[in-house]
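One structure is given here, and the rest of the page talks about it.
The values are calculated or read from the model by the stated rules, or taken from the named source; none is laboratory data. Fair warning: this is a prediction, and the values are worked out from it, not measured in the lab. Heads up, the Cβs are rebuilt from the backbone with ideal geometry, glycines too, and the neighbour counts pull from every protein chain shown. Note: accessible area is taken over every heavy atom of the protein model, side chains too, but ligands, DNA and RNA are not part of it. Shrake-Rupley method; radii C 1.70, N 1.55, O 1.52, S 1.80 Å.
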Amino acid sequence: MKIIDRPRVGVPAEQVTSTIAFNRIRVGMLLLRLRALIALIVLIIVFSFLSPSYLTAGNLIVMTRHVAINAILAIGQTFVILTGGIDLSVGSIAGITGMISGGLLDQGLALPIFGVVVFFSVPVVIAIGLLVGIVFGGVNGLAITRFRVAPFIATLGMLYVARGLAELRSNGGTFPNLAGRSGLGNTGFEFIGVDSVLGIPVGIWLMVLFGVVAALIAARTPFGRRVYAVGGNARAAVLSGIRVNRIKLAVYMISGFCAAMAGLILTSELGAAYPDTATTYELNAIAAAVLGGTSLSGGKGTIVGTIIGAFVIGFLSDGLVLVGVSTFWQLVVKGAVIVLAVVLDQAQERLQARITLR
Amino acid sequence: MPAKHNRIHWREAMNGFGRDRRSWRALAATCMLAFALFACGTSSTTTGGSAKKLIVIITPSPDNVFFKAEQDAAQAKAQAMGYDTLVLSHDDDPTKQSQEFDTAISRKAAAIVLDNAGADASIAAVQKAKDAGIPSFLIDREINKTGVAAAQIVSNNYQGATLGGQQFAKLMNQSGNYAELLGKPTDTNAGIRSQGYHSILDQYPGMKMVAQQSANWDQTQALNIVQTILQAHPDIKGIIAGNDTMALGAYAALKGANKTNVIVTGFDGSPDVVASILQSGIKATVLQPAAAIAEQAVVQADAYIKNGSTGKPEKQSLDCVLVTPDNASKVNNFTFSG
C-alpha cells in the first residue's frame, strides 16, 4: 500500500493514459518479475555455447549439489529478511555445527566426571548438530527481541562468536576422520553429503524437501502470513494482535536450523570438519535471497524466488570455473550480477507504481 | 531529566527481562551446552608480569595444520628456552598483521617469529619492528626485501615443487591430461610452487594441463572446483595441488565421483595427507620441515638476543623431502625421521 503514497510527478501523463503503453508496461512487469528465472535460462544458454560439458546431466547434478548448500542457507535467510531482519551468522553457524558434529564422530564426547567417552550414532549426531543450529539461532533471536539489539549487530556478533567457538572446539585443528568406526556403531555420516538416492545426491533431495516445506509454510500457514505481516509493517502487526517477538524469535531459529543443515551436508561431503568451513557463506545466502526478489526492507519475497536466486549464483560461478575464467574475474562478475539484480528490483517497483497509479 | 529518563528506561528493561523466566532459562541452557561441548578445548595463555623476555609468534590461521605445527613448535621451543610467548594469527590479512606488530612493540617483545601475510605487504611491519629495536625472524614465506628482517628461514619451495613435479610425472607415466590447483594468488609460495611444478611437467609433450584454477588453499573450494573440472574433463588422469588441504578437497571430490584412480599429489606433508598416502589414497606429497624451521627461528632469535647476531646469513633455506607410500610412515607432524 506504500506505493500509492508515491508522488504522481515523474509519471508521464501520456503513458498512463495510453492503453498500448500500459500493455507494454504489463509485459515489462512480467519480464521483471521473472527476471531471476530469465537470468538463469540466459546463463544456461550462454554457458552451453561456451562449454559443451555445461549442459550435461552430470554437470547439472554437480552444480545443483553446490547450489543446495547456498539454497538451504538462503531459505532460512529469507524468513529472517521477510521480517525485516538479517542474519549474518549463518556461515559461522554452519561452521560450528560441522565442528561439533565432526568432533562427536571423530573423538566422541568426553565426560571426565564419569571417565568415559561417549560416541553417538550418526542420526543422533545429526540431531545434535541441528539442535546446535536452533540454539545459536535462538540466542540471536533472544538478543534481538529481549535485549533489543539490532539484527545486523546481534548476528554480526554471532558471526564472530560462533566462528571463534568453532576454532576453540578443535583448538584450530581439523577433524579428519568422519567415517566413524563400525565397532562404535557410528558409521554412515557420508549419507547426507556423498551418497545418492535414485541417482540424485541426498543434499539435493534435502534442498527440495526444505524448499517445499518452507514454501508451504511461507505461503499457506498462519505463521507464514504473520512473518510477512511483521516485515510489511511491524506496528500494524502488533496492533492486529500478532506476537511480533515470538515470530522474530522463530525465524532466527529457522535460520539457525537451516544453517546447521547446510553445515552438516558440507562437512559430510568433505569428509572432514575444519573451523573455517562456510566462511562468508552468509553473503551468498543474502545475495541469493535478493536476486530472487526478496526485499531487504522486509515483507516482500518468496521461497521459490530465493531458490532460483541460489541457482543463478551457483550456475554462474560453476560456469565460470568450467570455462576457466580466472578467480578475480569470477568475483567481479558475481558482484556485478548482484547489483544488477537490485537495479532491476527498483525498476520493477517503479513499474508497479505506474500500474497502481492507473 | 535525562538521567531520570535513563534510569526508568534501564529499570523497565531489566524488569522485562527478570520477570521472564524463559529468557534466563534459555541463557542458562545455552551456557551449559557450551560448557559440555567445549570442555575439552584448551587455550594457550601467557603469564604476564614475569621477568622473562617475550617472543611473539605470528602466523596465518592455525586452521591449516601446517601453521598449527609451526606455532606449536615455535612456542614449545621458546618456552623450553625460558621465554614467555604470545601466539597470534593474522589470517593472511596484512592490516591485521600490522596491528599485531603494534601489539608486539607495545609489549616490548624481545623478538618476533613471523610467517608473514604477503611478500610486499609485510615489509613495512617488519621495518616498523626493526625501528623499535625488535628483530623479526621470518619463517616459511620470504619478504621481497633484504636487510629488514634478522633472518628469513624458508623451506626450498622451488626444490620441493620440482620433487613433487617429478613424482607426479612419474605416476602419470609422463602422459595424459591433468589439472592444477593453485594456492592463494597473493601468496608468493603459490607462484613459486607452480613454477617448480611446470619446470618439470612442461618438459613432457605428452602431459597436457587442461584446467588450472585457484582454490585459495581451501579444502571446500578445492572440492567444489574439482567436482566441476571433472565435468568438463572426465578423462582427467591426475590433479597436482599446490598444498595438502587442496589435495584433500580434491581427493574428497574424486571419492564422491568414484574416481579414486585419478592421481592426486599435494605439498606440505600434513598428517592427514600422510595418513591418506599410507592408505593409498593421495599418492604423494612434499614435506616441508615446518617444525624444524620454526625451531631454528627461535634458536637464532635466542642467539640474536644474547649476542646481537644470529651468526648466519639472512636468507636460509631447508630442503624439502618427497613423501611416498615407501617413506610415509617415517613422517610425523611435519618432521621426517629417516
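The single condition among (1) aromatic (Phe, Trp, Tyr); (2) in contact (Cβ under 8 Å) with a residue 24 or more places away in the chain; (3) within 11 Å of another protein chain (Cβ to nearest Cβ) that A:TYR252 does not satisfy is (3). Of the residues examined, A:VAL132 is not one that is in contact with a helix residue (DSSP H, G or I) (Cβ under 6 Å, 6 or more places away or on another chain) and surrounded by fewer than 22 Cβ atoms within 10 Å (Cβ to Cβ). For segment B:279-312, the set of residues classified as farther than 29 Å from B:LYS130 by Cβ and either open to solvent by 50 Å² or more (accessible area, probe 1.4 Å) or modelled with pLDDT under 90 (or both) consists of B:GLN279, B:SER280, B:LYS283, listed by residue number. Candidates in segment B:313-338 are the residues that are modelled with pLDDT under 90 and assigned to a loop (DSSP other than H, G, I, E, B); of these, the one that is farthest from B:ALA294 (Cα to Cα) is B:GLY338. Checked against (1) facing chain A (nearest Cβ under 10 Å); (2) closer than 21 Å to A:PRO176 by Cβ, B:PHE267 passes all but a single condition, namely (1). Taking only segment A:49-76 into account, find how many residues are small (Gly, Ala, Ser) and at pLDDT 90 or above. Residues flagged as small (Gly, Ala, Ser) and at pLDDT 90 or above within segment A:49-76 amount to 4.
Look through B:LEU114, B:LEU88 and report the one residue that is in contact (Cβ under 8 Å) with a residue 12 or more places away in the chain and surrounded by fewer than 22 Cβ atoms within 10 Å (Cβ to Cβ). Going through B:LEU114, B:LEU88 in turn, just one is in contact (Cβ under 8 Å) with a residue 12 or more places away in the chain and surrounded by fewer than 22 Cβ atoms within 10 Å (Cβ to Cβ): B:LEU88.
Being touching a Ser or Thr at 6+ places or on another chain (Cβ under 6 Å) and within 21 Å of A:VAL62 (Cα to Cα): is that true of B:LEU254 here? The answer is yes for B:LEU254. Report yes if B:THR162 is open to solvent by 10 Å² or more (accessible area, probe 1.4 Å) and either within 14 Å of chain A (Cβ to nearest Cβ) or not in a loop (DSSP other than H, G, I, E, B) (or both), otherwise no. So B:THR162 fits the description; yes. Would you be able to say whether some residue in segment A:234-248 is over 30 Å from B:ALA211 (Cα atoms), polar (S, T, N, Q) and within 14 Å of chain B (Cβ to nearest Cβ)? The answer is yes; a qualifying residue exists. Within segment A:222-236, work out how many residues are open to solvent by 40 Å² or more (accessible area, probe 1.4 Å) and over 11 Å from A:THR302 (Cα atoms). Counting residues in segment A:222-236 that are open to solvent by 40 Å² or more (accessible area, probe 1.4 Å) and over 11 Å from A:THR302 (Cα atoms) gives 9.
Listed conditions (1) more than 17 Å from the chain's Cα centre (by Cα); (2) outside any helix (DSSP H, G or I) are all met by B:VAL226, apart from (2). Residues of segment A:274-309 that are within 14 Å of chain B (Cβ to nearest Cβ) and of a type in the set (A, V, I, L, M, F, W, C): A:ALA278 alone.
Cβ-Cβ distances below 7 Å connect the following pairs, each with a first residue in segment B:44-66 that is within 10 Å of B:ASP91 (Cα to Cα), a second residue that is at pLDDT below 80 and open to solvent by less than 60 Å² (accessible area, probe 1.4 Å), and a separation of six or more residues or different chains: B:PRO62/A:GLY172; B:ASP63/A:GLY172.
Here the condition is being touching a Leu at 6+ places or on another chain (Cβ under 6 Å) and part of a helix (DSSP H, G or I); of A:LEU131, A:LEU73, A:LEU105, it holds for A:LEU105 alone. Of everything in segment A:147-196 that is facing chain B (nearest Cβ under 8 Å) and among the charged types (D, E, K, R), the residue that is most open to solvent (accessible area, probe 1.4 Å) is A:ARG148. The sole residue among A:ALA336, A:ALA237, A:ALA272 that is touching a residue at least 40 places away in the same chain (Cβ under 8 Å) and small (Gly, Ala, Ser) is A:ALA272.
B:LYS255 satisfies every condition listed in (1) under 26 Å from B:ASN333 (Cα atoms); (2) surrounded by fewer than 23 Cβ atoms within 10 Å (Cβ to Cβ); (3) away from every other protein chain (no Cβ under 14 Å); (4) of a type outside the set (S, T, N, Q) except (3). Selection of segment B:192-217 for residues being in contact with a helix residue (DSSP H, G or I) (Cβ under 7 Å, 6 or more places away or on another chain), open to solvent by 30 Å² or more (accessible area, probe 1.4 Å) and within 14 Å of chain A (Cβ to nearest Cβ) yields only B:TRP217. Among the residues here, A:ILE265 does not qualify as in contact (Cβ under 8 Å) with a residue 40 or more places away in the chain, of a type in the set (A, V, I, L, M) and more than 14 Å from chain B (Cβ to nearest Cβ).
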